[in-house]
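The values are calculated or read from the model by the stated rules, or taken from the named source; none is laboratory data. Remember, it's a predicted structure, so these values are computed and weren't measured experimentally. We place every Cβ from the backbone using ideal geometry, glycine too, and count neighbours over all the protein chains shown. What goes into the accessible areas is simple: the full protein's heavy atoms, side chains included, and nothing from ligands, DNA or RNA. Shrake-Rupley method; radii C 1.70, N 1.55, O 1.52, S 1.80 Å.
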There are 2 protein chains.
Amino acid sequence: MELQTLDTAKELDTTLQHLSRPLLPKVLQVQQGIVRATHDFMFRKGLTQLMPLMLSPITDPLNHGVVDATIGYAEQRWSLTKSMIFHKQLALLNPGLSSIYIISPNVRLEFADRAGTGRHLFEFTQIDFEFKGKDRFFVMEFMEELVNFVFARLNKEIPELLLELRGELLPQFEKWPVFRTEKLEAALGPDYEHIKSEEMTTPFWLLNHKREFYDKEDPAKQGTYLNYDLIWPEGFGEGLSGGEREHEYHQIRKRMADVGTNEEAFSHYLTVAKEGGLPKTAGAGFGVERMTRFICRLKDVDEVTAFSRKPFTSAIF
Amino acid sequence: MELQTLDTAKELDTTLQHLSRPLLPKVLQVQQGIVRATHDFMFRKGLTQLMPLMLSPITDPLNHGVVDATIGYAEQRWSLTKSMIFHKQLALLNPGLSSIYIISPNVRLEFADRAGTGRHLFEFTQIDFEFKGKDRFFVMEFMEELVNFVFARLNKEIPELLLELRGELLPQFEKWPVFRTEKLEAALGPDYEHIKSEEMTTPFWLLNHKREFYDKEDPAKQGTYLNYDLIWPEGFGEGLSGGEREHEYHQIRKRMADVGTNEEAFSHYLTVAKEGGLPKTAGAGFGVERMTRFICRLKDVDEVTAFSRKPFTSAIF
């Protein structure tokens with residue numbers, strides 16, 4: 001075995017320091033509370049849990065570039081799943097499933113420009129849920145209720161920890177304010193999401209994002225979209241994104257052409273849509289580490305990790 | 001877009017049939033019950049949850065060959081994690097963490113010889129836990145208690161489902177029987193694990209497996225090991241494996257040499273061990289889909305999946 005260079009000795013030191021922070025066990029307990037409370041909420045609401053898949057021939061194309069992560073196995077290519085979006089839609093084909101959720105790692109190999117945002121990790125945990133036959137209003141209300149449920153549970157289970165980390169107990173929110181991207185942008189300029197997040201003291205909804213083909217275009221107003229993001233206040237930024245989904249063959253192909261998605265990669269998915277198989281659904285996914293960060297008022301989402309996973313940054317463990 | 005060939009049309013059909021089975025939602029509810037009850041048990045016992053990592057420069061070498069799964073990112077190679085074994089050991093370096101658990105997908109790209117075992121998936125969910133300063137007796141008792149807790153909870157929450165799927169409610173077990181590999185092998189021949197699993201009606205422990213370097217060798221009897229597998233009865237086979245862990249530098253290197261592990265790949269891990277950093281731990285990991293299979297008495301573990309993941313078998317979603 002070679003002698004360690006000074007550089008790797010330093011990297012090991014940094015890794016062990018990150019791992020050994022006195023804050024870490026406390027932050028992890030908050031995160032664990034979020035996960036347990038979410039499981040209970042989902043069960044009460046009748047959602048069925050699916051296990052995550054990390055490999056699939058198709059995955060979320062995302063609306064921003066990331067490094068391709070594929071491997072070869074059993075004579076085909078498999079992508080590391082960037083979200084469970086298509087599997088959620090497809091699973092709801094089962095007549096016995098009307099609503100599902102999945103707690104899954106998401107691998108998104110971001111480029112270096114996201115290394116220092118404080119909001120990105122190149123792998124993180126997402127809680128994804130999807131309802132058959134429901135619309136955006138239903139999903140938004142569901143999420144508002146989920147947040148109040150989780151926060152009330154944490155206040156009850158770990159009040160001292162919250163006082164220590166956050167300085168106060170968690171609030172209960174009434175109906176969240178709703179804004180639209182195009183109006184905020186007109187008022188605040190291109191950095192509207194961040195500015196509004198800084199300004200607000202309650203979570204809010206931001207509607208109408210032009211992004212991946214699977215988020216439904218508003219049939220009443222083409223070029224606008226029936227999707228929604230939860231934005232955490234106090235500058236913590238985006239914490240959930242969701243939408244009503246495209247499920248009709250011709251509309252999916254139109255949207256794929258609009259955003260430049262390669263149809264070939266989705267040929268089987270398109271076949272299901274063509275044969276009328278894709279159910280009408282709406283759903284969302286929220287980041288566990290980001291919710292933990294918001295609750296604990298941490299500067300960087302990487303403070304939630306035991307093993308640092310900052311975008312485009314090497315690691316030794 | 002090309003016309004579908006007959007073969008792919010058939011594959012799509014098979015995939016949708018697998019997904020649409022009337023049995024699936026019921027099996028998923030059992031699995032969900034296992035996960036929720038496990039979270040509650042862990043919380044009561046004071047374990048802290050860590051989120052899974054799917055990518056790491058080091059991962060479990062496993063004691064059987066699988067297809068290599070690595071990707072390039074941020075100027076280094078990352079392996080898809082085959083288990084969280086090293087991260088469990090390292091996380092316990094944090095003075096504030098005395099016991100942890102992780103619910104994580106495990107990717108193990110098995111070869112074709114495991115396609116038809118009924119017990120293997122090339123990705124599955126493992127519940128991993130590890131205790132600082134504890135021994136095998138503690139972990140075995142912990143697992144026995146966990147199984148009774150989960151089974152009692154399922155009996156209470158979903159009795160009708162259990163009656164339908166399993167034909168009866170779940171039992172509560174007294175102390176599980178304990179066997180040793182070398183004695184069973186002498187009595188039953190090379191297929192001893194399967195034969196004994198078929199013969200038994202309660203879960204049992206099987207001690208002393210020669211395998212990965214990280215399972216502790218018995219200092220009192222070299223060439224035997226302080227590890228343990230849970231074997232489900234009625235022929236369902238292995239459902240958990242665990243062990244006390246090697247944590248001393250020279251002993252780890254001896255064991256690596258014994259089983260042919262490449263030291264280079266573990267240079268940082270060895271440095272931590274050399275500097276006395278690796279804590280004395282013991283733990284285990286159990287497969288969620290295998291426990292679900294046992295409870296539901298399913299022929300094949302793949303019946304637990306929404307999207308089939310049989311070893312060395314292609315998929316379209």
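Given the criteria in contact (Cβ under 8 Å) with a residue 12 or more places away in the chain, surrounded by 22 or more Cβ atoms within 10 Å (Cβ to Cβ) and in contact with a helix residue (DSSP H, G or I) (Cβ under 6 Å, 6 or more places away or on another chain), does A:Ala282 qualify?
Details: in contact (Cβ under 8 Å) with a residue 12 or more places away in the chain: yes; surrounded by 22 or more Cβ atoms within 10 Å (Cβ to Cβ): yes; in contact with a helix residue (DSSP H, G or I) (Cβ under 6 Å, 6 or more places away or on another chain): yes.
Criteria met by A:Ala282.
Is it the case, given these coordinates, that B:Thr292 is assigned to a loop (DSSP other than H, G, I, E, B) and either out of contact with any Ser or Thr (no Cβ under 9 Å at 6 or more places or on another chain) or free of Cβ contacts under 8 Å to residues at least 12 places away in the same chain (or both)?
On the way: assigned to a loop (DSSP other than H, G, I, E, B): no; either out of contact with any Ser or Thr (no Cβ under 9 Å at 6 or more places or on another chain) or free of Cβ contacts under 8 Å to residues at least 12 places away in the same chain (or both): yes.
The answer is no for B:Thr292.
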Considering residues that are within 20 Å of A:Gln126 (Cα to Cα), among the hydroxyl-bearing types (Ser, Thr, Tyr) and touching a residue at least 40 places away in the same chain (Cβ under 8 Å), the number found within the stretch B:73-107 is 3
Please enumerate the residues belonging to the stretch B:206-230 that are under 21 Å from B:Tyr101 (Cα atoms) and outside any loop (DSSP other than H, G, I, E, B).
-> B:Asp215, B:Asn227, B:Tyr228, B:Asp229, B:Leu230
Is it the case that B:Gln32 is open to solvent by less than 40 Å² (accessible area, probe 1.4 Å) and free of Cβ contacts under 8 Å to residues at least 40 places away in the same chain?
-> yes
Could you list, in sequence order, the residues of the stretch B:53-79 that are at the interface with another protein chain (Cβ under 9 Å from one of its Cβ atoms) and either open to solvent by 20 Å² or more (accessible area, probe 1.4 Å) or β-branched (Val, Ile, Thr) (or both)?
-> B:Pro57, B:Ile58, B:Val67, B:Asp68, B:Thr70, B:Ile71, B:Gly72, B:Glu75, B:Gln76
If the Cβ limit is 8 Å and pairs must be 6+ apart or interchain, which residue in the stretch B:172-183 that is under 11 Å from B:Asn148 (Cα atoms) pairs with which residue that is in a loop (DSSP other than H, G, I, E, B)?
-> B:Phe173/B:Thr202; B:Phe173/B:Pro203
Do you know which residues across the stretch A:226-248 are open to solvent by less than 10 Å² (accessible area, probe 1.4 Å) and farther than 15 Å from A:Met140 by Cα?
-> A:Pro233, A:Gly237, A:Glu246
Quick one: which of A:Ala306, A:Ala220 is among the aliphatic types (A, V, I, L, M) and open to solvent by 20 Å² or more (accessible area, probe 1.4 Å)?
-> A:Ala220
Any hit, the stretch B:291-309, residues being more than 8 Å from chain A (Cβ to nearest Cβ) and under 30 Å from B:Leu97 (Cα atoms) | yes
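Yes/no per residue for (1) acidic (Asp, Glu); (2) under 16 Å from the mean Cα position of the chain (by Cα); (3) over 20 Å from B:Thr305 (Cα atoms):
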| residue | (1), (2), (3) |
| --- | --- |
| A:Asp60 | yes, yes, yes |
| A:Val67 | no, no, yes |
| A:Glu75 | yes, no, yes |
| A:Lys88 | no, yes, no |
Of the numbered conditions (1) facing chain A (nearest Cβ under 8 Å); (2) open to solvent by less than 10 Å² (accessible area, probe 1.4 Å); (3) under 24 Å from A:Leu16 (Cα atoms), B:Leu109 fails exactly one; give the number of that condition.
-> (3)
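Does the stretch B:244-254 include one or more residues that are within 11 Å of chain A (Cβ to nearest Cβ) and under 17 Å from B:Gln89 (Cα atoms)?
The answer is yes; a qualifying residue exists.
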Restricting attention to the stretch A:159-175, does a residue exist that is among the aromatic types (Phe, Trp, Tyr) and under 16 Å from the mean Cα position of the chain (by Cα)?
-> no
Looking only at the stretch B:22-41, decide whether some residue is among the aromatic types (Phe, Trp, Tyr), at the interface with chain A (Cβ under 10 Å from one of its Cβ atoms) and at negative phi.
-> no
Among residues of the stretch B:80-98 being open to solvent by 10 Å² or more (accessible area, probe 1.4 Å) and at pLDDT 95 or above, the residue farthest from the other protein chains (Cβ to nearest Cβ) is B:Ser98
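Among the residues of the stretch B:251-289, write down those that are hydroxyl-bearing (Ser, Thr, Tyr), within 24 Å of A:Glu11 (Cα to Cα) and not in a loop (DSSP other than H, G, I, E, B). Show your work before the answer.
To start, the set of residues in the stretch B:251-289 that are hydroxyl-bearing (Ser, Thr, Tyr) comprises B:261, B:267, B:269, B:271, B:281.
Imposing the further condition that a residue be within 24 Å of A:Glu11 (Cα to Cα) reduces the set to B:261, B:267, B:269, B:271.
Scanning the stretch B:251-289 gives B:Ser267, B:Tyr269, B:Thr271.
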Taking the stretch A:42-52 and the residues there that are touching a residue at least 24 places away in the same chain (Cβ under 8 Å) and not hydrophobic (A, V, I, L, M, F, W, C), the one that is farthest from the other protein chains (Cβ to nearest Cβ) would be A:Lys45
